[in-house]
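Accompanying notes for the structure given below.
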Amino acid sequence: MPAIAIVGRQNVGKSSLFNCLIGKRKSIVYGTPGVTRDLITERVPWGEGRWTLTDFPGFEREKEVRTDAVTLAAIRAAEKELEKYHLILFVVARSGLSSYEHDLAERLRRLKKPVWLVVNFVDDPQLETEVAEFFRLGFPETFFVSALNRRNIQALRERIQEYFSGKKAKPTPREELPRPDLRLVVLGKPNAGKSTLFNRLVGKERALVSPQPGTTRDTVGEFFHYEHKLVELLDTAGLRRQSRIHEDLERISGQRTTEALENCDVAFLLIDFTEVFDQQNKALLNRIAAAGKPVVVLVNKYDLFRHDAETKAQIAARLAEVQKRFWQFPWFFVSALSGENCRRALAKAFALKALFTKVGTPQLNRILAELTHNPILANHGIKLKYITQGEPANRFILFANKPVPIPVRRYLTQALAQKLGWQELPLLLDIRQKI
């Protein structure tokens, strides 16, 4: 499958171009240099096939970013990845070339890869006459585009398709691309170890790791195989309380994380063992419950307390308390650093997804009859009419003769989960009144 890299200095519109080319807003666009830190990759359906398109972090001279260790690490890691790509789109701004960009152009040429120059912010054809200096770089293809108003974006797409149609790296036919057997998202507070876990699971240094909270801003995705099954893993920005979100950038990152949760099959909630279900982690579990997603709770840094029986007992007791309030979610002690128990957690994630099945009408009717004959309902004068299964499969609609108090609703939810054998899933029970 042809792989295309979008590279350039910070703040030249790489992420805007990436979003235009893939046809959706995936990479965060923000008016501050250095927003993109990880490699953001998307499989792009164009014409008869697919390509992979990757948005790189903005490059800059090391002396310019030496005070920002995270950005410097992102640039160094990204530069090592360039050898893997079949085509490089070198993005520059219409305002002119810096001396660093001339140096960067020479470094890209030394890769002996096809490099095309893309001049951004050219939103008027008349401006093209003012940018002759870009031709002096000597790249075989030069495009004048505006990612903001999509000028010449389609022409760039078509030229990419035409280029690869005659190359060995043919676009992969759509029907040959397998769908993942499991879409898994890693959630947690900032600096809980999500990117370390992500890299451990995918088997390579794909997500940027730093002790500085907030390192991951975009949602980073990667595919890997587990037991001959394809997993799509998403690493997300750390979610913190809304009252602590001061920057627009953090708010955008949080929105991307929420979108990843809504589209996943199962969530891993990674928790530092020193902060087991503090208020912030409870809030995260509430968000997972509201989305109706199965979750595997992972208590991280097991390598630091493996031999501490008292700490393990305290954590287990705390988790049992939280399970009573929510549901019997599975949990593991893990080490994202060493990978201990990570494969067990993956196996459990597949098992949770497998529980999402259609429940037959006869079984639902039997369950309804069992729920109806209960003194709790009789004491409240509640009569259950009928029950149906909705979408997703863990959502049920129950009709009753009158409004149901919260304690009775909680009892019905727990009883339904037990009768289905779905105690490890968050059940979404919608109770409606029907006279």
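The values are calculated or read from the model by the stated rules, or taken from the named source; none is laboratory data. Keep in mind that what you see is a predicted model, and the values were worked out from it rather than measured. When we count neighbours, we look across all protein chains shown, and the Cβ atoms used for this are built from the backbone with ideal geometry, even at glycine.
Residue-by-condition table, conditions (1) outside the structural domain of PHE198 (by TED's automatic domain parsing); (2) more than 20 Å from GLU424 (Cα to Cα); (3) of a type in the set (Asp, Glu):
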{"position": "VAL334", "(1), (2), (3)": "no, no, no"}
{"position": "ARG343", "(1), (2), (3)": "no, no, no"}
{"position": "GLU370", "(1), (2), (3)": "yes, yes, yes"}
{"position": "THR388", "(1), (2), (3)": "yes, yes, no"}
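Which helices (runs of 4 or more DSSP H) sit wholly inside segment 330-435 and have at least 1 residues that are over 37 Å from the mean Cα position of the chain (by Cα) and more than 30 Å from LYS194 (Cβ to Cβ)?
Working: elements: 342-354, 361-372, 375-379, 406-420.
Those helices (runs of 4 or more DSSP H) span 361-372, 375-379.
Among the listed residues LEU239, LEU234, LEU261, which satisfies the condition of being touching a strand residue (DSSP E or B) at 6+ places or on another chain (Cβ under 8 Å), at pLDDT 80 or above and not in a strand (DSSP E or B)? Lay out the reasoning, then the answer.
Details: LEU239 fails: at pLDDT 80 or above; LEU234 fails: not in a strand (DSSP E or B).
Only one candidate passes the filter, namely LEU261.
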Residues that are buried (at least 18 other Cβ atoms within 10 Å of the Cβ) and modelled with pLDDT under 90, drawn from segment 148-165: ILE160, PHE164
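Would you say GLY360 is surrounded by fewer than 15 Cβ atoms within 10 Å (Cβ to Cβ), in contact with a strand residue (DSSP E or B) (Cβ under 8 Å, 6 or more places away or on another chain) and under 23 Å from PRO294 (Cβ atoms)?
No, not satisfied.
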Residues that are within 15 Å of GLU141 (Cβ to Cβ) and either assigned to a strand (DSSP E or B) or in contact with a Pro (Cβ under 9 Å, 6 or more places away or on another chain) (or both), drawn from segment 86-118: HIS86, LEU87, ILE88, LEU89, PHE90, VAL91, VAL92, PRO114, VAL115, TRP116, LEU117, VAL118
Just one of the numbered conditions (1) of a type outside the set (S, T, N, Q); (2) part of a loop (DSSP other than H, G, I, E, B); (3) under 15 Å from the mean Cα position of the chain (by Cα); (4) modelled with pLDDT of 65 or more is not true of LEU187; which one? (2)
